[in-house]
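Novice: Below: one structure in structure tokens.
The values are calculated or read from the model by the stated rules, or taken from the named source; none is laboratory data. Fair warning: this is a prediction, and the values are worked out from it, not measured in the lab. Cβ: placed from backbone, ideal geometry, glycine included. Neighbour counts: every protein chain shown.
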Amino acid sequence: MLYGPAPASPAETAGSVPARAVAPVVIFLAFALVPLAAAVAAETYLLSLFTRVMIFAIAALALDLVVGYGALVSFGHAAFVGLGAYAVGILAAHGINEVLVSLPVALAVAAAFAFVTGIVCLRTKGVYFIMITLAFGQMAYFTASSLAPYGGDDGLTIRLRNTLLGLDVLRNERAFYYVAFTCLLGAYLLCRALVASRFGRVFRGARENPTRMEAIGFEVYRYQLAGYVISGALGGLSGFLLANATEFVSPAYMSWQRSGELIIMVIFGGLGTLYGAIIGTAAFLLVEEWLSGLTEHWKVIFGPLLVLVVVFARGGLIGVAERLTRRLRRD
Amino acid sequence: MSTALLLVQTLNGLQLGVLLFLIAAGLTLVFGVMDFINLAHGVQYMLGAYLAVTFYAMTDSFFLALTLALAAALVVGLVLEFVVFRHLYDRDHLDHVIATFGIIIFLNQGVKLVWGAAPLSLPIPDALAGSVVLMPGLLYPVWRLVIIGSGLVVALLLYCLVSYTRVGMLVRAGATNAPMVSALGVDIRRLFMIVFGFGAMLAAFAGVMIAPILSVEPGMGDTILILAFVVIVIGGIGSIRGAFVAALLIGLVDTLGRSFAVDILRLVMAPSPARTVGPAIASMLIYLLMAVVLYVRPTGLFPAKGR
């Protein structure tokens, strides 16, 4: 049973390689120009909306790394985001606001959780893996809800955003936007390099056929664990930014619905392409924003929309786009 | 930690376990036979409770409401199967997760739209409303005993159905190797529909039975769904016996853990940190149990498939 990108082979051979090279450049250019557009249109909410998009895109990217390239369907990825956010929140509650402290702590906590849970999770396969990651996610969620000294169910307000060497760089919304932008770009380039590296080839090989990879001498378990930990740490980065953006942390960041939404974001764009995760996140959050502006009961529309996407739009937005271009070329 | 309290909490744990079994049984069959992850199973439990509230308002009889709610839940289950799920059986698990997640979002909001966001309640039937004396000075509500009893009866029925009937045999065969059953000339799609409808009814039954104790509200199915997943993963996917054992185990561990964690911790640490740490540990307990079980036996306690 494979969870890899469904239309991988035809899409990669059908001359759409240039599209795959151009698309990320276009995406990041667009993100870079959003603050300008927001300034011209005098719509400041655009800035916060797209900051949110980029923050969640980092988490979706982390998820795509393990789901799309390792066939490890993690249904608990929101826990890493939440842990990163709680690291910032708890440190801030003790008066520590320095990025150089809170960022490494956020990454380390998320990575450590990924390491410990990964040891158990990666022993299981398929459905069991989905369910056990879900269970660990819930464990993190309930632990956070019972942290009475740090707000429990109600969450924790962060009074001040983190400062870098005492400088208040994250206070300015536009500066914060570009910090998030840099993080997303860095995460994307890191994932791309990882996937293309020797490590990435073994990781992808384990997706296709773990038995064969074992037979030619790779300890698949170790590679998968390493991939899972890296993904977890990236989730922590997303959480660090999220806590600073909202100036608030809450157990809801770790709820299983959040984990489900992250999976949807990845699938929405297209699995196993990395930039698909970014497109999917943007599409998900923008559709959500648009629908919730239309009616209070927007979820009644959103739910069936998801079902339709699954049934009809295989391969996500990228898959649909590739099928369209192929059809146009043939005509 | 008195004996009386221990007894009451054990009974409460059994009651939660039985409830979990009713939900997990359908889930594990759908999972085992069709290899289909149905996250929407929890909303079927919620729907059962809501339908019972409505039918009770119409008929003023709990038992009529129960019967009508079960019938309606069956119809809803079959409609969902017909409209959505059957197009997804040959897709991978990710597609199942997203499609059924979409159904959860839709039905949770739909319920709010139809019945409102405020919690509703269903009264206990008069004949079963009182309490019984378990020990001198210890009262226990009859309704909770009824839940335990009816759950055990359903479990027994299910056991006979699966072990001694033709449909049960096909279900067991399907859980072991569905393509082979299909190749031997059994209409596997019809079998899927039967299993699915039956699972939906069991979930709705659980929802109706618990409705008088809990409040009926949107999203009530979500928490219980996760617990049911923990149950079937510990029990082994596709195994009714595993689901039963694991459901009781989870019910007891969760309930007893929540009641006694603070007391037990106070034996080894100061009272005030114990009060902080206790609830956190109690809520982690079942997930730790699951982690340990899966670490030792990656396919659960009673795996049905011979993979």
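Novice: What tally of residues in the stretch B:57-92 results from selecting those that are surrounded by 14 or more Cβ atoms within 10 Å (Cβ to Cβ) and in a loop (DSSP other than H, G, I, E, B)?
Specialist: Final tally of qualifying residues: 5.
Novice: Looking at the stretch A:105-121, can you tell me whether even one residue there is crowded, with 24+ Cβ neighbours inside 10 Å, within 9 Å of chain B (Cβ to nearest Cβ), among the hydroxyl-bearing types (Ser, Thr, Tyr) and in contact with a Gly (Cβ under 9 Å, 6 or more places away or on another chain)?
Specialist: Scanning the stretch A:105-121 turns up at least one residue that is crowded, with 24+ Cβ neighbours inside 10 Å, within 9 Å of chain B (Cβ to nearest Cβ), among the hydroxyl-bearing types (Ser, Thr, Tyr) and in contact with a Gly (Cβ under 9 Å, 6 or more places away or on another chain).
Novice: A further question on this structure: Return the only residue of B:16, B:122, B:22 being away from chain A (no Cβ under 14 Å), within 26 Å of residue B:251 (Cα to Cα) and part of a loop (DSSP other than H, G, I, E, B).
Specialist: B:122
Novice: Confirm whether residue B:288 is surrounded by 18 or more Cβ atoms within 10 Å (Cβ to Cβ), facing chain A (nearest Cβ under 10 Å) and in a helix (DSSP H, G or I).
Specialist: Judged against the criteria, residue B:288 is not a match.
Novice: In this structure, is residue B:294 more than 9 Å from every other protein chain (Cβ to nearest Cβ) and under 30 Å from residue B:163 (Cα atoms)?
Specialist: When the stated conditions are applied, residue B:294 does not pass them.
Novice: Quick one: what pairs do we get from the stretch A:64-75, first residue more than 10 Å from every other protein chain (Cβ to nearest Cβ) and within 14 Å of residue A:114 (Cβ to Cβ), second buried (at least 24 other Cβ atoms within 10 Å of the Cβ) and β-branched (Val, Ile, Thr), C-beta under 6 Å, 6+ apart or different chains?
Specialist: A:72/A:66; A:74/A:66; A:74/A:133
Let's see how each residue does on (1) farther than 24 Å from residue B:44 by Cβ; (2) buried (at least 21 other Cβ atoms within 10 Å of the Cβ); (3) facing another protein chain (nearest Cβ under 10 Å); (4) modelled with pLDDT of 90 or more:
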residue	(1), (2), (3), (4)
B:233	no, yes, yes, no
B:239	no, yes, no, no
B:251	no, yes, no, yes
B:260	yes, no, no, no
B:265	yes, no, no, no
B:277	yes, no, yes, no
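Novice: Here is a further query. Does residue B:90 count as within 8 Å of chain A (Cβ to nearest Cβ), of a type in the set (D, E, K, R) and within 22 Å of residue B:189 (Cβ to Cβ)?
Specialist: Against the criterion (within 8 Å of chain A (Cβ to nearest Cβ), of a type in the set (D, E, K, R) and within 22 Å of residue B:189 (Cβ to Cβ)), residue B:90 does not qualify.
Novice: Looking at (1) free of Cβ contacts under 8 Å to residues at least 60 places away in the same chain; (2) away from chain A (no Cβ under 14 Å); (3) on the phi > 0 side of the Ramachandran plot, which is the one condition that is false for residue B:139?
Specialist: (3)
Novice: Where residues in the stretch A:231-255 are among the hydrophobic types (A, V, I, L, M, F, W, C), farther than 16 Å from residue A:183 by Cβ and surrounded by 24 or more Cβ atoms within 10 Å (Cβ to Cβ), which of them is farthest from the other protein chains (Cβ to nearest Cβ)?
Specialist: Among those residues, the one meeting the criterion is A:249.
Novice: Hey, among A:273, A:211, which residue is farther than 21 Å from residue A:132 by Cα, within 14 Å of chain B (Cβ to nearest Cβ) and either without any contact (Cβ under 8 Å) to a residue 12 or more places away in the chain or among the polar types (S, T, N, Q) (or both)?
Specialist: Going through A:273, A:211 in turn, the sole match is A:211.
Novice: Before we move on, is residue A:217 modelled with pLDDT of 90 or more, among the small types (Gly, Ala, Ser) and either closer than 28 Å to residue A:186 by Cβ or surrounded by fewer than 17 Cβ atoms within 10 Å (Cβ to Cβ) (or both)?
Specialist: no
Novice: Quick one: is residue A:157 more than 14 Å from chain B (Cβ to nearest Cβ), touching a Phe, Trp or Tyr at 6+ places or on another chain (Cβ under 6 Å) and at pLDDT 80 or above?
Specialist: Answer is yes for this residue.
Novice: Separate question: Considering only the stretch A:282-330, how many residues are within 10 Å of chain B (Cβ to nearest Cβ), within 22 Å of the chain's Cα centre (by Cα) and not in a helix (DSSP H, G or I)?
Specialist: 1
Novice: Only residues that are β-branched (Val, Ile, Thr) and either in a loop (DSSP other than H, G, I, E, B) or over 11 Å from the mean Cα position of the chain (by Cα) (or both): list them for the stretch B:215-237, please.
Specialist: The answer is B:216, B:233, B:234, B:237.
Novice: How many residues does the stretch B:50-81 contain that are within 14 Å of chain A (Cβ to nearest Cβ) and touching a residue at least 24 places away in the same chain (Cβ under 8 Å)?
Specialist: Adding up the residues that qualify gives 2.
Novice: How many residues, within the stretch B:93-119, are more than 8 Å from every other protein chain (Cβ to nearest Cβ), over 21 Å from the mean Cα position of the chain (by Cα) and either in a helix (DSSP H, G or I) or on the phi > 0 side of the Ramachandran plot (or both)?
Specialist: Of the residues in that region, 3 qualify.
Novice: Let me ask something else. Give the residues of the stretch B:251-272 that are within 22 Å of the chain's Cα centre (by Cα) and free of Cβ contacts under 8 Å to residues at least 60 places away in the same chain, sorted by residue number.
Specialist: B:257, B:258
Novice: Determine the pairs where a residue that is closer than 16 Å to residue A:249 by Cβ and at the interface with chain B (Cβ under 7 Å from one of its Cβ atoms), located within the stretch A:135-146, has a partner that is surrounded by fewer than 23 Cβ atoms within 10 Å (Cβ to Cβ) and of a type outside the set (A, V, I, L, M) with Cβ atoms under 6 Å apart, the partner being 6 or more residues away or on another chain.
Specialist: From residues that are closer than 16 Å to residue A:249 by Cβ and at the interface with chain B (Cβ under 7 Å from one of its Cβ atoms), the pairs are A:142/B:283; A:146/B:279; A:146/B:283.
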